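Nothing in this text is a laboratory measurement; each read-out follows from the coordinates by a stated rule. All values derive from a computational prediction rather than experimental measurement. Cβ coordinates were reconstructed from backbone atoms using ideal geometry, including for glycine residues, and neighbour counts include every protein chain displayed.
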Amino acid sequence: MLDRILSVVDALDDRIDSAWNGLRGRPTVDRMFYTASELADFSLLWHLLGVGRSLVPPADPRIVMRLSAALGVESALVNGAVKSLFGRSRPLADVERPLYLRVPRTSSFPSGHASSAFMAATLLADRDPHLRAVYFGLAALVATSRVHVRIHHASDVAAGSVLGLALGHIAKRAWPI
């Protein structure tokens, strides 16, 4: 049964990757996705947004403290514990990447970029509901960038996104602001 499910997931990932090929190789699109992926390395984008938000009136340093602490826990959990349970290989880049990008050595499943993005968006939107669409739009851009740059399969990104949403809601309950 599990083999059948994994076979279906692999086939779906292959179809999505193949469909995505129409966007690859376009300089503007490549630049956008590679930049999003690079900015989100080590959750830099989310830490910067947290710092910025904590300085905007009404200034509240608890925003960046909660976000940074939650991102640290999320990274240890996802990139350490969860990824070690899976040995999924990353997609093969059949052509040279048009722009430089660091390729992690860990398991492909789940996407840490997607989990940190959706967790951060959940926490940032908690304090700024009027910017909810912006935060989640950035999270979606970062998450899908990992498919575009062929560092994750679509199912890795989907699982990471769901995990990030769940972790974001847990963090909101554990550390309300």
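Please report, in debye to the nearest 20, how large the charge dipole of the range 2-174 is about its Cα centre when each Lys and Arg carries +1 at its beta carbon and each Asp and Glu carries -1 there.
Dipole magnitude for the range 2-174 comes out near 300 debye.
As an exercise, use a Förster radius of 30 Å and the Cβ-Cβ distance of LEU44 and ALA133 to find the FRET efficiency, rounded to the nearest 0.05.
So, using R0 = 30 Å, E works out to roughly 0.85.
Restricting to DSSP H runs of at least four residues, report the calculated mean residue ellipticity at 222 nm for the chain, -39500 (n - 2.57) per run over all residues, nearest 500 deg cm²/dmol.
Mean residue ellipticity at 222 nm (helix-derived): -21000 deg cm²/dmol.
How high is the FRET efficiency from VAL29 to ARG105, r the C-beta distance, R0 35 Å, rounded to 0.05?
The formula returns an efficiency of 0.85 here.
Of (1) 0.99; (2) 0.95; (3) 0.93, which one was derived for Rg/Rh (Cα atoms, Kirkwood Rh) from the structure shown?
The value computed from this structure is option (1).
Once R0 is set to 22 Å, what does the formula 1/(1 + (r/R0)^6) return for the Cβ-Cβ distance between LEU2 and ALA166, expressed as a FRET efficiency to the nearest 0.05?
With a Förster radius of 22 Å, E is 0.50.
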